[in-house]
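The values are calculated or read from the model by the stated rules, or taken from the named source; none is laboratory data. Keep in mind that what you see is a predicted model, and the values were worked out from it rather than measured. So basically every Cβ, Gly included, is an ideal-geometry build from the backbone, and we count neighbours across all protein chains shown.
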Ligand code: GDP
C-alpha cells in the first residue's frame, strides 16, 4: 500500500519517529520534497541520529530509501550524512537518488544569506540554500543530479548557471569563486554517482507488486508554499498533494495518509503562531519537550494545540488517521488548553487564514483537565490515565479523524497503537 506520513503543524511534529516506526514494514521509504533544512531525529539501536536528507528507512535492511525528483540536495551534505551512517555500521547502498532531483550549490547558500539580508522582515530561513535552489529550478537555471554523470557537460552547465547567477546578483561574486564550487562538487560526485537512478520504474513496479511504500513529508502543512503562512514557508509542498509531483506517482495511488501532530504546538522561525505561549507554560513545554531544532539548534516557540490547523490539514491532506506525539510532555499540568477556533474582529474562523490575517487572530480556547502521572511507560490506550484518554478522544472529535497512534516518548517502543474497535469509539 502507498502510505503518506505528513506534518500536520509547523514541522518537527515527530515524523522522524513515526516513519522509523512504520518503516519496519515498508519496502520503500520515499522523500518527495524539501532539502536538508529540516532534520528528523531518530533514536534506535544504532544510536541517535539527526537525518537531514537520507530517509529514515535507511535503518531497515529490507527497505529501499528514495530521494524523489521534488527534493533538492546539497551534494557534500549528503556525502557527509552517508559517511556518518556508514561509520555507525549502516549499509547505505539501499539509497536511490532520483536523477531528476535538483542540486543545492554553494552559490544558493550565498544567495540565501544575501536575500535574507535584503528583506525588511526576515522569513527565518535556515540559510542552507534551499529556497534559492527551488527558485533556480522554477527559473530553469537549476542542475539536476543526473547531470553529475557527464563531467564535461556538467562543467559547461555549471559555468553558465554560475555566470547567470552573478549577472543577476553581482553581490554574490564576493562570496566565492567558480573554482571553489567546482572543486567541492567534484569531491562529492564520485561518492554519489552509484546512488543516482531513474526512480520511475522502481515506484511503478512497487505499485504493481502491491509493495508497502511510505512517503515521508518534511516540515508540515503550515510551512507549505501554497497553504502555509506565506511568506514564512518553505519553497516546496509538504502537503500530501505534493507527493504526486515530487515522487512521480498518481495521487490516486495513495491510500493511507497519517497526519503527525504533537499534543501541543511548536514553531521555529518567523511568522504567525496564534497559540504561542510566552509564559511559564511555554517554558514548561520547551524544557520538558526538549524543543530545540535538530538542524539549527534554534529553540522552538511552544504553545497549545491548535485544532483549526488540524482540521484544515484533515481536509487538504485527507488524513485517514492521526498520530498524536509527545503526549507525555503534557503530564504534570493541572489544566490543558486547546484552541478550537480563532476569532478576529468579532468573526470566528474554523480554519487558518493567510499570514497577514493570521497575525491578527485570537485563539478561542477550551480547557481540559490534565493528569499528573508519568505516562512514558504506558503501552496500551487503557494504560493511560482517564484524563489523557479523554484528551485524545476530544481531539479526535474536534478534528473528525481517528487518532491511531499515541506517542509517549522518543523510543520506537513508546508508541501506543490503538485497536480498530477503539479508534471507532
Ligand atoms: P520531525 O522533524 O517531525 O521528525 O521531528 P523531530 O525529530 O525534529 O522532533 C521530534 C523530537 O521529539 C525528537 O527529538 C524525537 O526523538 C522526540 N520525540 C518524538 N516523539 C516523542 C514523544 O512521543 N515524546 C517525547 N518526549 N519525545 C518524542
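Taking the criterion of being closer than 26 Å to residue 126 by Cα, touching a helix residue (DSSP H, G or I) at 6+ places or on another chain (Cβ under 8 Å), part of a helix (DSSP H, G or I) and at pLDDT 95 or above, the residues of the range 187-230 that qualify are 188, 189, 191, 192, 221, 222. When residue 357 is tested against (1) within 30 Å of residue 417 (Cβ to Cβ); (2) assigned to a helix (DSSP H, G or I); (3) over 19 Å from the mean Cα position of the chain (by Cα), exactly one condition is not met: (1).
Here the condition is being closer than 23 Å to residue 62 by Cβ and either more than 16 Å from the ligand (Cβ to nearest atom) or outside the structural domain of residue 115 (by TED's automatic domain parsing) (or both); of 199, 183, it holds for 199 alone. Checking the conditions here, which among 324, 310 is more than 12 Å from the ligand (Cβ to nearest atom) and in the same structural domain as residue 353 (by TED's automatic domain parsing)? Within the list 324, 310, the selection yields 310.
Identify, please: which residue in the range 93-107 is part of a helix (DSSP H, G or I) and surrounded by 18 or more Cβ atoms within 10 Å (Cβ to Cβ) and is, among those, nearest to the chain's Cα centre (by Cα)?
94
If you scan the range 268-289, which residues turn out to be surrounded by fewer than 18 Cβ atoms within 10 Å (Cβ to Cβ), out of contact with any helix residue (DSSP H, G or I) (no Cβ under 9 Å at 6 or more places or on another chain) and over 20 Å from residue 229 (Cβ atoms)? Correct list: 279, 280, 281, 283, 287. Return yes when residue 373 is assigned to a helix (DSSP H, G or I) and either in contact with a helix residue (DSSP H, G or I) (Cβ under 9 Å, 6 or more places away or on another chain) or in the same structural domain as residue 285 (by TED's automatic domain parsing) (or both) and no when it is not. It is false that residue 373 is assigned to a helix (DSSP H, G or I) and either in contact with a helix residue (DSSP H, G or I) (Cβ under 9 Å, 6 or more places away or on another chain) or in the same structural domain as residue 285 (by TED's automatic domain parsing) (or both). For the range 292-309, filtering for residues that are under 24 Å from residue 333 (Cβ atoms), touching a strand residue (DSSP E or B) at 6+ places or on another chain (Cβ under 6 Å) and touching a residue at least 60 places away in the same chain (Cβ under 8 Å) leaves 5. Residues satisfying the criterion are absent from the range 76-84 (criterion: crowded, with 23+ Cβ neighbours inside 10 Å and closer than 25 Å to residue 227 by Cβ). Among the conditions (1) assigned to a helix (DSSP H, G or I); (2) surrounded by fewer than 22 Cβ atoms within 10 Å (Cβ to Cβ), the only one that residue 136 does not satisfy is (2). Checked against (1) without any contact (Cβ under 8 Å) to a residue 24 or more places away in the chain; (2) part of a strand (DSSP E or B), residue 282 passes all but a single condition, namely (2). Residues in the range 230-240 that are more than 17 Å from residue 138 (Cβ to Cβ) and surrounded by fewer than 23 Cβ atoms within 10 Å (Cβ to Cβ): 232 only. Only one of the listed residues (243, 257) is surrounded by 22 or more Cβ atoms within 10 Å (Cβ to Cβ) and part of a helix (DSSP H, G or I). That residue is 243.
Yes/no per residue for (1) modelled with pLDDT of 95 or more; (2) farther than 25 Å from residue 219 by Cβ; (3) assigned by TED's automatic domain parsing to the domain that holds residue 280; (4) away from the ligand (no atom under 16 Å from the Cβ):
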| residue | (1), (2), (3), (4) |
| --- | --- |
| 347 | yes, yes, yes, yes |
| 358 | yes, no, yes, yes |
| 363 | yes, no, yes, yes |
| 410 | no, no, yes, no |
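Residues of the range 262-275 include at least one that is within 15 Å of the ligand (Cβ to nearest atom), in a loop (DSSP other than H, G, I, E, B), over 15 Å from the mean Cα position of the chain (by Cα) and within 30 Å of residue 390 (Cβ to Cβ).
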